[in-house]
Amino acid sequence: MIEFDQNLNPVEPPKPNNPFTPPPVMPSPTPRTSMTPPNGRGLGLVLGVVGIIVVAAVLLITLGARPSTTTGQMEGLSVNADATVYASPDIARVNVGIVKTAKTVSEVEKALSDASTTIQQAIIDAGVKEADIKTVDYSIYPEQTYVNGSVSRITGYSGRHSMEVTIRELDKTDTVLSSVTAAGANEVGQLTFTLENPDDKLAEARKEAMKKAKDKAKQIAKDGDFTLGRLISVNEYSNTPSPMYDYTKGSGMGGAEVTPSTESGSLAMQVNVTLVYKIR
């Protein structure tokens, strides 16, 4: 039914209340973050991490304070000493050779063979055993004519046969030299007087050098007021020079043959040692 007011205007009926009006939305509470560990295990974990950081820092400081070893030098006391012993040679060695030239390789080979046989026999006749003669070089090569820096043609061939002769009776050295040149050798040289086995003399020099180095280290430690530790390094250098005599046929005045006169002399055999000690 429609109702009217005094002026005959329709009146709207009142709206009923809505029983289903949703309640107001409340904001959600913000969760709080606690800085306090929930239990003892969490506290121990934190302390452990802190301890690792402290240890790492200490190691870095310690390593940074150590002396640098990038130079490759061994730490400790290094001392050096040498010793020399003298000995009389017991053998001589000399190189004897023959050089031949011919038009063909076969001719050179025959000339070398004939000359070498004659020379070897002369060496043996001078008192050297056949076992003490050995070949150290045998070569044949072409002789070429060069024109304006380029090869023109082969004019022939040359060959060389060189032998090393060991002379055990030193008083026969001059005789051997004269014999080989008389037999046709045209290359004689590199004569050396030496010891066949120098090990015993080197051991003697080494022993003396070691004693000098040890005494030197002890004196330095005493003067420096410190104690030597263990020996951690030993380096050795040995030198066995040989007196030499170079004799070549035709080396005299005017190309005349020279009668050799050689002296074996004495050998100076030196050993140098370097010792490195720890310092305590």
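Any read-out appearing in this document is the output of simple, stated calculations on the displayed coordinates, not a laboratory observation. A quick note: this is a predicted structure, and the numbers were derived from the prediction, not measured. Methodologically, a virtual Cβ is constructed for each residue, glycine included, from the backbone with ideal geometry; neighbour enumeration extends over all protein chains shown.
Projecting the Cα atoms of LEU228, SER150, VAL180 onto the charge dipole of segment 135-233 (Cβ charges, centred on the Cα centre) puts LEU228 farthest toward the positive pole. Pairs from the table (LYS103/LYS129; LYS129/LYS201; LYS100/LYS134; LYS134/LYS201; LYS222/LYS278; LYS110/LYS134) lying more than 25 angstrom apart at Cα are LYS103/LYS129; LYS129/LYS201; LYS134/LYS201. For ALA87, the shell of other residues with beta-carbons less than 13 Å away shows a net charge of -4, using +1 for Lys and Arg and -1 for Asp and Glu.
Under 5 Å between amide hydrogens, built in the peptide plane, is the criterion, and for GLY229 it picks out LYS278, ILE279, ARG280 among residues at least 5 positions away or on other chains. A full extension of the chain between GLU75 and VAL147 corresponds to an added length of 19.5 nm, given 0.36 nm per residue minus the alpha carbon distance.
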